Each structure stands twice: as C-alpha cells, then as structure tokens.
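Q: Would you mind keeping the following structure in view while I ask a few things?
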DNA sequence: GCTTCATATCAAAAAATGTCAATATGAAAG
DNA sequence: CTTTCATATTGACATTTTTTGATATGAAGC
C-alpha cells in the first residue's frame with residue numbers, strides 16, 4: 001500500500017462531508033442500491049453518483065454491478081485500512097520530541 | 001460527546017487536506033511552535049494560522065500559549081476520539097442487512 | 001506609556017468542491 | 001436493433017475552502 005499524502009487525504013475525504021456521512025450511515029445497515037440511496041437522501045441522481053464515486057475511490061465503499069443496478073456497501077478492508085492509517089497519522093514517531101523551538 | 005453529522009465531518013476535515021496531513025506529520029515528532037511549522041511547511045503565516053485553527057477545532061491538535069509563542073501538538077485524547085468515531089461510522093449496526101432492494 | 005514581535009483575523013481573490021440539468025453509456029427486454 | 005431503464009459523465013453555475021496581503025491583537029521589553 002502506497003502512502004502518498006494525496007492518497008491519504010483521499011481516504012478521509014469520505015468522512016469530511018455531511019452528505020457522505022449520511023450515506024455511510026445508511027450503508028451501515030447493509031448493502032443498498034443507488035435508487036434506494038437516492039430515495040432516502042434528499043439528493044439528485046447525478047449528485048449521488050458524484051458522492052458514490054468519491055466514497056468508492058476512498059476505498060471505504062465498494063460497489064457491485066448487477067445488471068442495470070449498482071449496489072454499494074461499506075468495505076471492511078477499506079475501513080480497516082483507514083483505521084490503520086488514522087492510527088499511523090496520529091501516533092508519535094520513534095524520533096522523540098527533542099526538537100526545541102524558538103527561544104526555548 | 002455530541003455526535004451531530006456536522007461535528008463528525010469537522011473531525012475528519014483535519015485529515016482530508018494534504019497540507020494539514022503534512023502539518024500532522026511534523027507534529028508526530030513532538031510539540032512545535034507556529035514559527036517552526038511556517039519554516040518547514042512552504043506556507044504563509046496567515047495560511048498556517050488558518051489550518052491550525054481547523055486542526056484545533058477538530059480536536060486532533062491542541063495548542064499551548066507561552067508568552068508570544070503558540071505551541072501545537074497532537075492531542076492523544078482527540079486522536080482517540082477520532083478512532084472511536086471512525087470505528088462507529090464504518091461498523092455495521094445491529095439491525096441486520098435485511099432491506100432488499102429494487103427488483104431483488 | 002511606546003515598540004517589537006508572534007500570531008490571529010479580515011476582506012478580497014483564487015481554487016476546489018458540490019449541484020443541477022442535459023446528455024451519454026450500457027445492460028436488459030422486447 | 002430499438003426501446004427502456006439505471007447510473008455515469010459533462011458543462012455551467014453556486015457554494016465552500018484556501019490563499020494572500022493588510023491590519024488587529026496581545027504579550028514582553030524598554
């Protein structure tokens with residue numbers, strides 16, 4: 001897994017928008033198709049499609065095609081990766097806090 | 001802890017911007033004052049101030065005033081809360097995935 | 001008190017993101 | 001192969017976020 005700042009930021013773009021959080025909340029109860037998400041969110045079709053693309057690219061959501069329908073669900077693997085990434089980003093690294101600053 | 005979608009989104013705004021990720025990376029090695037962050041990031045003073053405000057409001061970073069200087073560090077508590085929140089957002093909820101969709 | 005220095009805030013411009021309506025794509029059914 | 005239906009893509013526009021430069025604030029030293 002590559003860890004560029006850009007890719008890392010993309011993972012968390014899934015969570016920094018209220019509508020996407022609302023979509024994820026709906027997906028917590030299991031796989032949903034786009035039409036159902038459009039119904040439950042108050043949102044246009046192209047707008048949902050836009051958000052689903054971001055969610056899928058973040059790795060947090062995965063999609064499954066079934067004929068004309070697209071079904072979305074939360075990706076366990078993606079969520080797990082996000083957890084690890086969040087941990088990594090917020091955990092102090094080995095080289096201790098010895099950098100003294102300014103006038104100190 | 002209140003859990004409005006808005007507040008939840010704000011937590012993750014800390015992580016969805018490359019510059020803020022870079023700032024967090026610097027803070028992983030310990031507390032830093034603003035002047036040092038300005039040096040190491042290629043960023044203007046008011047721009048850093050803007051990002052630090054977002055980071056602090058997300059709870060991920062905490063600041064400490066010392067005379068004229070402001071020191072920033074990653075908040076252990078804030079990071080922990082973010083982990084819990086991420087877990088909550090991506091974990092299937094009790095009511096199983098029984099909602100059948102469309103033509104299924 | 002005034003001056004200096006570090007940081008915050010403001011207002012305008014620039015850049016990025018989100019929305020909407022129209023159109024394209026591609027699968028299924030006829 | 002034409003039509004229909006679900007979703008994706010596009011382009012124009014609106015909204016939000018970020019940057020920049022100017023100014024404000026507030027602590028420390030004189």
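Derivation of every value follows stated rules applied to the coordinates shown; laboratory data play no part. Because the structure is predicted, anything quoted here is derived from the model rather than measured. Using ideal geometry, Cβ is built from the backbone for each residue, glycine included, and neighbour counts are taken over all protein chains shown.
Q: Can you give the mean number of other chain Cβ atoms that lie within 10 Å of the Cβ atoms in peptide B:44-56?
A: The shielding value for this peptide is 0.
Q: Could I ask something else about it? For helix B:18-27, what angle does its Cα long axis make with the longest principal axis of chain B, in degrees from 0 to 90 and rounded to 10?
A: So the helix axis and the longest Cα principal axis differ by about 60 degrees.
Q: Then there's this: In peptide A:28-40, how many Cβ atoms from other protein chains are near each Cβ within 10 Å, on average?
A: Mean inter-chain Cβ contacts per residue within 10 Å come to 4.
Q: Would you kindly work out, in nm and rounded to one decimal, the distances from the label point of residue B:6 to those of the same position in each other copy, ordered shortest first, with label points 7 Å along Cα-to-Cβ?
A: Sorted ascending, the copy-to-copy spacings read 3.4 nm.
Q: Working from Cα positions, state the angle (0 to 90°, nearest 10) between the long axis of helix A:76-90 and the longest principal axis of chain A.
A: 20
Q: For residue A:44, place a label point 7 Å out from Cα along the Cα→Cβ vector, do the same in each other copy, and report the separations in nm, one decimal, smallest first.
A: Shortest to longest, the spacings are 3.4 nm.
Q: Roughly how many Å is it from the Cα centre of the range A:20-85 to that of the range B:43-72, as a whole number?
A: 34
Q: Moving on to the next point. What angle do you read, to the nearest 10 degrees and between 0 and 90, between the alpha-carbon axis of helix B:45-58 and the longest principal axis of chain B?
A: Approximately 40 degrees, to the nearest 10.
Q: Of all the residues in chain B, which one has the C-beta that comes nearest the axis relating B to A, and what is the distance in Å?
A: Rotation axis B onto A, closest Cβ, rounded to whole Å: B:16, 2.
Q: Taking only Cα atoms and a 10 Å spring cutoff, compute GNM fluctuations for chain B and point out the largest among B:60, B:38, B:74.
A: B:38
Q: Under a crude label model (7 Å from the Cα following the beta-carbon direction), how far is residue A:77 from residue B:73 in nanometres?
A: 3.9
Q: Sticking with this one: How far, in nm to one decimal, is residue A:87 from itself in the other copies if the label point is set 7 angstrom along Cα toward Cβ? Shortest first, please.
A: Relative to the other copies, residue A:87 has label-point distances of 1.1 nm.
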